[in-house]
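Only the coordinates and a few stated rules stand behind these numbers; no lab work does. Just so you know, these numbers come straight off a predicted model, no measurement behind them. Here Cβ is always computed from backbone atoms with ideal geometry, including for glycine, and neighbour counts include all displayed protein chains.
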Amino acid sequence: MKHFLTIALAAIPLTCASPSSTTTSPAPATADLGLSFATAIRAPTATQRDRSTWERIYLAHHYRGHLLRQRREVHSSHVYDIITIAKPDRKEQDIYFDITSSFGHF
């Protein structure tokens, strides 16, 4: 498990840097990534536990602020985690993750 986590953590910056592997088509502008259902970030993991870890690492790497809440929604036959964070200016921001491929896989 230690080796898997080390490998997974090392691979995340490479995965995050490639918009085509983490977004829906067509690839949105980087500034809009994860701000709506249409630009949701695809979590590249096989299980729900790994996905939750990956989402937290992604948020820590790309956003400043702290987690306020998380909800799950189904939209256009896809399952999404929508995580609301509080930014340093105290404004709330929803970040959308498309979790369809790993939903229900433990």
Task: Net charge of Cβ neighbours under 13 Å - reference ARG64; Lys, Arg +1; Asp, Glu -1 - done: +2
TODO: Determine, for LEU35, LEU68, LEU59, the number of other Cβ atoms within 10 Å of each Cβ, and report the residues in order from fewest to most.
DONE: LEU68, LEU35, LEU59
TODO: Report the net charge of residues surrounding THR39, where surrounding means a beta-carbon distance below 12 angstrom and charges are Lys +1, Arg +1, Asp -1, Glu -1.
DONE: -2
Open item on the list: Counting other beta carbons within 10 Å of each residue's own, what order do SER52, SER77 fall into, fewest first?
Closed with: SER77, SER52
TODO: In nm, give the distance between the simple-model label positions of THR100 and THR47, each being 7 Å from the Cα along the Cα-to-Cβ direction.
DONE: 2.4
TODO: Count charges around ILE99 for me, please; just the other residues with Cβ under 14 Å from its Cβ, Lys/Arg as +1, Asp/Glu as -1.
DONE: +1
